[in-house]
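First the structure, in the form of structure tokens, and then the observations on it.
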Amino acid sequence: ARRPGPGGGHTRRVRAVLLGNQTAMDAGYVGAHLRAAGFRFEEAHREDPASWPDLGGAELLVTLGSEWHVEEPATRTEVTAEADYVRAALQRGVPLLAICFGAQVLSHALGGTVTRTPTPEIGWYALDLEPGAPAWAAGPWMEWHEDVFTVPEGFAVLARTAAGPQLVAGRRAVATQFHPEATETMVHGWLDDGGADSLRRRGGDPDALLAATREHVARSRGAAGELVGWFLERAG
């Protein structure tokens, strides 16, 4: 993705597509950093593939997390449509930043597998870095997932946890299993939307998660900016 530059004293606004569930279209810190870099988003709601914007003229596709599961029969039609959309973006050379469920769909679209993990990750996790990984990738980052994906062909793993890959990169695409976009408000919302009960069933403490979130977002907000800058340089 080209970084927007000045033109006649004004910043050129560059078209980007943001794909997510209709009730969860918040790109958080990632969106804030991309908007500051000059991108403007058109929304694509997962529930209505027929309404998704054409990728012609788009210079970026961001796919967000979801409560959905790739292998869930109830949403098979929508997941298939998203996989097709992701492949079309890659074929056109549109840079892709895929987050959590978005990363799982990317793997699925390119022939990888997505499976439930015996060790779901909910909370703030430090990542194990592979050689050549950027230092900011170490985290800790917000995690909230029950599934893991295999690394698609042509992608390299840059960071992982015991559960699976966390940061993978291809030629013009980057995928994260973690949530670099997560703000304190977003985590509050996830907890209020049934997440608190799910966390308690696993022996977790919603209040402790919120306390950790308040502690870590001060760093993760800046780290999300480093991720965005790194991604745009790779995709350029």
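The values are calculated or read from the model by the stated rules, or taken from the named source; none is laboratory data. Please read these numbers as outputs of a predicted model, since none were measured by experiment. Glycine gets a Cβ as well: all are built from the backbone with ideal geometry, and neighbour counts include every protein chain shown. Keep in mind that these areas ignore ligands, DNA and RNA; they rest on the heavy atoms of the full protein, side chains included. Shrake-Rupley method; radii C 1.70, N 1.55, O 1.52, S 1.80 Å.
Here the stretch 111-123 is the region considered, the condition is being under 18 Å from Gly65 (Cα atoms) and not small (Gly, Ala, Ser), and the residue that is surrounded by the most Cβ atoms within 10 Å (Cβ to Cβ) is Glu121. Would you call Glu146 outside any loop (DSSP other than H, G, I, E, B), of a type in the set (D, E, K, R) and closer than 15 Å to Ala103 by Cβ? In short, yes.
Residues that are among the aromatic types (Phe, Trp, Tyr) and closer than 20 Å to Thr176 by Cβ within the stretch 50-105 comprise Trp68, Tyr85, Phe101, listed in sequence order.
So how many residues does the stretch 134-153 have that are farther than 16 Å from Phe178 by Cα and open to solvent by less than 20 Å² (accessible area, probe 1.4 Å)? Of the residues in the stretch 134-153, 1 are farther than 16 Å from Phe178 by Cα and open to solvent by less than 20 Å² (accessible area, probe 1.4 Å).
If you check Ala156 against the conditions, is it open to solvent by 10 Å² or more (accessible area, probe 1.4 Å) and closer than 25 Å to Thr113 by Cβ? Considered against the rule, which asks whether it is open to solvent by 10 Å² or more (accessible area, probe 1.4 Å) and closer than 25 Å to Thr113 by Cβ, Ala156 comes out as yes. The residues of the stretch 124-133 that are touching a Gly at 6+ places or on another chain (Cβ under 7 Å) and surrounded by 15 or more Cβ atoms within 10 Å (Cβ to Cβ), listed by number, are Tyr125, Leu127. From the list Ala159, Ala133, Ala218, the lone residue that is assigned to a loop (DSSP other than H, G, I, E, B) and either over 24 Å from Val94 (Cα atoms) or without any contact (Cβ under 8 Å) to a residue 60 or more places away in the chain (or both) is Ala133. Just name the residue that is farthest from Ser66 (Cα to Cα) out of those in the stretch 195-208 that are in a helix (DSSP H, G or I) and open to solvent by less than 40 Å² (accessible area, probe 1.4 Å). Residue satisfying both the conditions and the ranking: Pro206.
Taking the conditions (1) on the phi > 0 side of the Ramachandran plot; (2) open to solvent by less than 50 Å² (accessible area, probe 1.4 Å); (3) of a type outside the set (Val, Ile, Thr) in turn, His179 satisfies each one other than (1). Looking at the structure I just gave you, is Gln166 in contact with a Lys or Arg (Cβ under 6 Å, 6 or more places away or on another chain) and either among the basic types (Lys, Arg) or crowded, with 18+ Cβ neighbours inside 10 Å (or both)? It is true that Gln166 is in contact with a Lys or Arg (Cβ under 6 Å, 6 or more places away or on another chain) and either among the basic types (Lys, Arg) or crowded, with 18+ Cβ neighbours inside 10 Å (or both). Criterion applied to Ala162, Ala224, Ala196, Ala173 was being closer than 22 Å to Leu97 by Cα and out of contact with any Phe, Trp or Tyr (no Cβ under 6 Å at 6 or more places or on another chain), and the one residue passing it is Ala173.
Residues of the stretch 176-194 that are in a helix (DSSP H, G or I), farther than 16 Å from Arg214 by Cβ and of a type outside the set (D, E, K, R): Gly194 alone. With respect to (1) touching a residue at least 24 places away in the same chain (Cβ under 8 Å); (2) in a helix (DSSP H, G or I); (3) open to solvent by 10 Å² or more (accessible area, probe 1.4 Å), the lone exception for Ala211 is condition (1).
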